[in-house]
């Protein structure tokens, strides 16, 4: 009995000593192990950024760097070989080929040249990523070694230069990097991811064509539609978000006014459509200034006038081409109705032989970012990128047919991706100088940081919506 007691006492003493020693160094040991885990994790090929709750949030820089050569090669190829709206056959084939190699179920010819790549990963939300296929009839003047030298004939048969002057090549390449990383990390998310290569955004017809061709019926209907758009409004490395309206609706309108032609020396024998057109244009400006609530954005711009052939000839007709923009549907309807009302009234006041011909050539709704989803993604991006790199943006009066997915009943978010070299951006702001932006022949995104940030943003957003 005494031996047992003594043994127990010895063990008790040893336990007290051990607890004292370990207690003294436990905090240091925990701190060391924590730092070691961070060190190993940061260099692991499978490492991901995680928040305090253990939620996987985006791809690591290591993963993005690993996929970057593939992304850059695609971007350079697309930039050198742009195609106009409704003629994106080769571009669509490249996107389809890359998606097939990644293991996606690929369908081509959707709504024209549209490509749909589907990656299923169990039950869960359906998220659609939109990337545009088409380029613009713009001559590239960037001087880049990979600049486009492509020329082609447009739908009128006129030879035109072609350039990815709106960054659609960025969107396609970034989306492909995201598509690849989602395949590599299927254990991090669940649901169905859909890569949509959409044609004819610049002609604001591609999204509608794909929807009419069964985008939301032949394929799983998305719970969310997502896109990024590069911009000269932010430096590379930053992203902007705008809850609610972020881009305007747009209508292209042709108005032809008719007169009675004749000799310029005898105007009394004519009805001059050039004068009718001039008075009509001036009257149209009162629609925005006197008929629309000053707190509701609206724009009416007459971009071209075609009439007459010679100094001393009064023509029979004049064609005016307008772009009309606003956010709200009711404002849009008011603008279009007032344009017609004033054109008819001015023609009648001048004694024109017949009413003007008014044709809406093309139109698209306003981009409206679902506020709840937008703020949710912004919060996640701030955790991933830091508050300073996630910027609250302002609505713009440009347009994008990404809006049509919202009209198809899908909550949608488009984010602004900074694309300007940070030093050049800072210099331009300091000097109050404008920077070349989308649709400029000088627009040249800061390639590597723009592409890498785009992948980081898309991965963070998609994983926020689809993470396990």
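The values are calculated or read from the model by the stated rules, or taken from the named source; none is laboratory data. All figures in this text were calculated on a predicted structure; none of them were measured in a lab. Cβ atoms come from the backbone with ideal geometry, glycine included; neighbour counts cover every protein chain shown.
Can you tell me which residue among 393, 351 is under 19 Å from residue 255 (Cβ atoms) and out of contact with any helix residue (DSSP H, G or I) (no Cβ under 6 Å at 6 or more places or on another chain)?
351
Residues 393, 437, 409: which one is on the phi > 0 side of the Ramachandran plot, more than 13 Å from the chain's Cα centre (by Cα) and touching a residue at least 40 places away in the same chain (Cβ under 8 Å)?
Of the residues listed, the single one that is on the phi > 0 side of the Ramachandran plot, more than 13 Å from the chain's Cα centre (by Cα) and touching a residue at least 40 places away in the same chain (Cβ under 8 Å) is 409.
Got a number for residues in the stretch 255-278 being in contact with a helix residue (DSSP H, G or I) (Cβ under 6 Å, 6 or more places away or on another chain) and surrounded by fewer than 17 Cβ atoms within 10 Å (Cβ to Cβ)?
The qualifying residues number 0.
In the stretch 438-452, how many are surrounded by 24 or more Cβ atoms within 10 Å (Cβ to Cβ) and not in a loop (DSSP other than H, G, I, E, B)?
Going through the stretch 438-452 one residue at a time, the tally reaches 2.
What's the total number of residues in the stretch 117-162 that are within 19 Å of residue 467 (Cα to Cα) and modelled with pLDDT under 95?
Number of matching residues: 0.
Among the residues of the stretch 208-235, write down those that are buried (at least 19 other Cβ atoms within 10 Å of the Cβ), closer than 26 Å to residue 385 by Cα and more than 15 Å from the chain's Cα centre (by Cα).
The one that is buried (at least 19 other Cβ atoms within 10 Å of the Cβ), closer than 26 Å to residue 385 by Cα and more than 15 Å from the chain's Cα centre (by Cα): 235.
Results for (1) buried (at least 21 other Cβ atoms within 10 Å of the Cβ); (2) in contact with a strand residue (DSSP E or B) (Cβ under 9 Å, 6 or more places away or on another chain), shown as yes or no for each residue.
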residue	(1), (2)
305	no, yes
326	yes, yes
340	no, yes
345	no, no
365	yes, yes
370	no, yes
394	no, yes
415	yes, yes
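Using the structure shown, decide if residue 338 is closer than 30 Å to residue 400 by Cα, in contact with a helix residue (DSSP H, G or I) (Cβ under 6 Å, 6 or more places away or on another chain) and either at pLDDT below 95 or part of a helix (DSSP H, G or I) (or both).
Yes.
Select from the stretch 347-363 the residues that are touching a strand residue (DSSP E or B) at 6+ places or on another chain (Cβ under 6 Å) and part of a helix (DSSP H, G or I) and list them in ascending order.
Residue satisfying the conditions is 347 alone.
Does residue 383 fit the bill of being surrounded by 14 or more Cβ atoms within 10 Å (Cβ to Cβ), farther than 17 Å from residue 228 by Cβ and touching a residue at least 60 places away in the same chain (Cβ under 8 Å)?
The answer is yes for residue 383.
Restricting to the stretch 139-164, what's the tally of residues that are buried (at least 20 other Cβ atoms within 10 Å of the Cβ) and either farther than 22 Å from residue 195 by Cα or out of contact with any strand residue (DSSP E or B) (no Cβ under 7 Å at 6 or more places or on another chain) (or both)?
Counting residues in the stretch 139-164 that are buried (at least 20 other Cβ atoms within 10 Å of the Cβ) and either farther than 22 Å from residue 195 by Cα or out of contact with any strand residue (DSSP E or B) (no Cβ under 7 Å at 6 or more places or on another chain) (or both) gives 4.
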